[in-house]
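Bear in mind these aren't lab numbers, they're just calculated from the coordinates by the rules spelled out. Small disclaimer: the values here were computed from a predicted structure and weren't measured. Cβ sites come from the backbone with ideal geometry, for glycine too, and all protein chains shown count toward neighbours.
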Amino acid sequence: MQLTFSILSWGAWAPQYQHHQSWQTWCESSAELNLDTPPQSDTTAPALKQIPAMQRRRFSRLTKMMLEVSFQCEMPANCRSIFASRHGELQRTIGLLEDIIAKQPLSPLGFSQSVHNTASGIFGIVAANTAPSTSVAAGTETLSQAMVEAFAQLHQSPEPLLLVFGDDPVPPVYDEFTQEFELPLALGLQLAPFDTPASAKLTVSRISKATALNPLTYGAFIHALATAQNISGCLSQWHWRLEHV
């Protein structure tokens, strides 16, 4: 299976790299060093100054990250969207379970925003976007399966769509079950069919487990977007090839 796209715009956010220019200085050596070091506790979150404080203070960091990269993509009004997250609002869910154990009343707000499509729903509200939105969760292949969904939707209708991928580190109780060292991170892409004029083209191909490919990190991919470089490698268990024209 081979999926092809034009990238019309993009956005990315991590605590150390919060806008396009900062991703130009992303350092591969620092990323490699971090692979041997579990992520440190960091509560930094996007400011989202375009949303009233009374409203945004209720959002989790994951929702704020996904909204931030959505805004960075500068999408047309009422665009279709795909929101992808492996873990979703797991932090909120753990908090609710702890309240149950402690026999404390559950927060209605916490309960309502603990669902997996929280960011998708809030994006629709704050952007007044009534177009269809899809939420995707597929384990370690969450991002690549979101690309499959995007390809299918663009085949059905060629209007550009928004794809947002994001995750926070899992709560400590789940640390032994995951090996994720680039989180927290969010990535947004405005995608269109491959024949749409654009400065960046993306091909995502299914690979067999026997195929040996260079690993590609999220940071390296975003750095290549920011610096208009070509790059390829295995990301989210698929082969990704980014080419600038």
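Here are the numbers for this structure:
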{"item": "Order by protection proxy (mean Cβ within 10 Å, highest first), peptides 130-142, 46-58", "result": "130-142, 46-58"}
{"item": "Selected from Gly88, Ala127, Pro169, residue furthest toward positive end of dipole (the chain; charges at beta carbon)", "result": "Ala127"}
{"item": "Distance between modelled label sites at Ile207 and Thr25, nm, 7 Å Cα→Cβ extension", "result": "3.2"}
{"item": "Share, in percent, of DSSP beta bridges within segment 137-245 that are antiparallel, nearest 5", "result": "95"}
{"item": "Helical segments meeting 27 Å axial Cα length and Kyte-Doolittle -1.0 threshold in the chain (DSSP H)", "result": "none"}
{"item": "Per-residue [θ]222 nm for the chain (sum of -39500 (n - 2.57) over DSSP H runs n ≥ 4, rounded to 500)", "result": "-9000 deg cm²/dmol"}
{"item": "Dimensionless Rg ratio for the chain, taking C-alpha atoms and the 2.2 N^0.38 Å reference", "result": "1.00"}
{"item": "Antiparallel bridges, percent of DSSP beta bridges restricted to segment 2-244 (to nearest 5)", "result": "75"}
